Amino acid sequence: MPRTEPTRGNIKVCVFGSGTFGNALGSVIARNGFTVTILCRRPEVASTINTEHRNPSHLSECKLPPLLSATTSPEEALQGVSFIVHSVPVQASEDFLRPLKDLIHPDVPFISSSKGIHSETLETMAELVPRVLQRPQVMAFLSGPTFAKELMDEIPSAAVVAAEDPAIAESCSNLFHCTVFKTYTTTDVMGVEVGGALKNVYALAAGTLEGMGLGFNTAAYLVTRACVEMNMLALAMGARPHTMVGLAGIGDLMLTCLGGASRNKAVGARIGRGESLSSVLHSRQQSLAGVAEGVATAPAALRLARKHKVPVHIIEAVASVIDGSSGPREAVLNLMQRPKGEDFACHVMHAAEKQLERSVSPLGVPAKYWAFLAVGQACFITAFGIWSFRRR
């Protein structure tokens with residue numbers, strides 16, 4: 001008897017986390033015809049999702065699709081599950097996952113949408129999850145320029161799904177891909193994770209500059225420099241040169257630094273206007289405004305950069321404001337008073353050349369010239385983004 005493939009409605013997906021992004025990704029998947037269960041901590045959230053088809057705490061004005069439900073029971077949420085989507089902040093992931101390790105099957109694809117670096121261990125999610133589960137896990141990573149509210153409103157968007165196994169990346173991508181949400185695939189897990197983590201740090205910087213009342217010249221300088229800086233660190237950690245010029249790199253960076261709905265940029269803007277970091281974080285916690293991952297990621301990223309001997313002056317400036325060793329104006333002044341020298345795009349080219357000097361040359365063109373093309377593309381995208389932002 002021929003084997004029949006399961007229909008989408010018979011494929012169960014569990015979403016970890018009922019926050020803004022978990023809410024949005026669960027809705028995207030459920031609208032695509034898959035059965036989705038969100039694992040919540042609070043019974044009142046699960047009850048409202050199930051009875052009123054809305055999340056009472058996040059994006060409560062948005063109606064949730066019929067195929068999306070919620071529960072506080074891990075056993076119920078994970079029974080018969082085919083995919084897991086993890087939307088819990090990086091710093092909270094270890095405590096969230098540890099009690100679930102015996103319920104998560106090692107062959108069930110675990111798709112992380114969490115962006116950041118663990119503040120103590122300096123782990124990416126690709127490293128943290130297997131350690132917490134105490135075994136290897138089939139994993140994929142979703143990243144890109146995606147504000148949750150726009151996903152809920154079905155605004156055309158795109159993202160990248162990364163996995164070491166291309167077949168896993170493709171199968172996970174199919175959960176999200178539709179006419180309003182295009183998902184591309186890659187096997188560069190490190191590049192996608194580093195881009196997703198570092199863009200939150202640069203968004204804090206962008207918000208701080210905006211809060212200080214600085215202009216578009218400064219914003220353009222920041223985004224361009226940030227793109228090169230994060231590419232240098234990503235390359236040092238083993239990422240591919242082209243990843244930072246894609247959706248997980250410059251795409252996510254532009255959205256988070258220039259868009260109005262960025263949590264990290266909002267925190268930075270309040271710091272730039274003179275509020276203390278502690279008061280900003282306290283008020284956001286009270287209002288359930290969501291975690292600004294860049295606050296924990298900045299000092300971790302600085303330690304990681306020093307470990308790899310990569311100069312990251314913007315990250316260093318953000319970390320100094322977070323730890324109180326300098327104020328926003330002092331940090332900007334320190335950056336602007338640095339000695340001038342060779343265009344900073346050349347630094348990443350030197351790093352790329354070292355990594356690519358033994359690479360196979362596509363179409364007979366030396367690999368280093370493809371890297372030059374990638375940086376040129378990044379500069380064009382940045383310039384176009386700033387131009388579009390000014391025309392609004």
Whole-number accessible area per residue in Å² for segment 255-306, which is evaluated in the context of all protein chains at 1.4 Å: 43 Å²
Kirkwood hydrodynamic radius over Cα pairs of the chain, then Stokes diffusion coefficient at 37 °C and 0.692 mPa s, in µm²/s: 152 µm²/s
Pairwise FRET efficiency - ARG42 versus ASP165, Cβ, R0 = 35 Å, nearest 0.05: 0.50
Gain upon complete extension [ALA289, GLU127; 0.36 nm per residue less C-alpha separation]: 55.5 nm
Alpha carbon centroid spacing (whole Å) that separates segment 77-126 from segment 261-339: 26 Å
Residues ALA261 and ASN217, FRET efficiency given R0 of 22 Å [Cβ-Cβ distance, rounded to 0.05]: 0.40
Rounded, prolate or oblate (a/c below 1.5 giving rounded, otherwise prolate when a/b exceeds b/c) for segment 247-313 by Cα gyration tensor: oblate
Separation in nanometres of the label points that stand 7 Å from Cα toward Cβ, at ASN334 and ILE155: 3.5 nm
Stretch in the chain that is longest and holds no GluC sites (Glu not before Pro) that DSSP places in a loop and that have at most 11 other beta carbons within 10 Å: 121-341
Top of VAL318, VAL90, VAL332 by mean-square fluctuation, Gaussian network on the chain, Cα under 10 Å: VAL332
Heavy-atom accessible area ranking, 1.4 Å probe, most first, across VAL85, VAL295: VAL295, VAL85
Extension gain (nm, one decimal) between GLU342 and SER276, 0.36 nm per residue minus Cα-Cα: 20.2 nm
Accessible carbon and sulfur surface of the chain relative to its total accessible area, %, 1.4 Å: 55 percent
Acute angle (nearest 10 degrees) that the helix 367-391 long axis makes with the longest principal axis of the chain, alpha-carbon atoms: 80 degrees
Efficiency of FRET from Cβ geometry, ASN10 and THR187, R₀ 25 Å, rounded to 0.05: 0.30
Point-to-point label distance, VAL180-GLU120, nm (Cα→Cβ direction, 7 Å offset): 4.1 nm
Accessible solvent surface per residue of segment 109-232, calculated while the other protein chains remain in place, 1.4 angstrom probe, Å²: 33 Å²
Most positive-pole-ward Cα, PRO136, MET336, PHE83, against dipole of the chain from beta carbon charges: MET336
For ILE111, residues with placed amide H under 5 Å, excluding near neighbours: ILE84, VAL85, HIS86, ALA140
Trypsin sites (Lys or Arg not before Pro) lying in DSSP loop within segment 191-272, provided at most 15 other Cβ fall within 10 Å: none
Dipole magnitude of the chain about its Cα centre (Cβ charges: Lys, Arg +1; Asp, Glu -1), debye to nearest 20: 660 debye
For TYR184, distant residues with modelled amide H under 5 Å away: ALA159, VAL160, VAL161
Within the chain, percent of DSSP bridges classed antiparallel, to nearest 5: 15 percent
Net length gained if the chain between VAL108 and SER60 were fully extended (0.36 nm per residue, minus Cα distance): 14.2 nm
Segment 126-190: C-alpha gyration tensor shape, a/c 1.5 cut-off, then a/b vs b/c: prolate
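The values are calculated or read from the model by the stated rules, or taken from the named source; none is laboratory data. Bear in mind that the values here come from a model prediction, so they are computed numbers and not experimental data. All Cβ positions, even for glycine, are placed from backbone atoms using ideal geometry, and neighbour counts span all protein chains on display. What goes into the accessible areas is simple: the full protein's heavy atoms, side chains included, and nothing from ligands, DNA or RNA. Shrake-Rupley method; radii C 1.70, N 1.55, O 1.52, S 1.80 Å.
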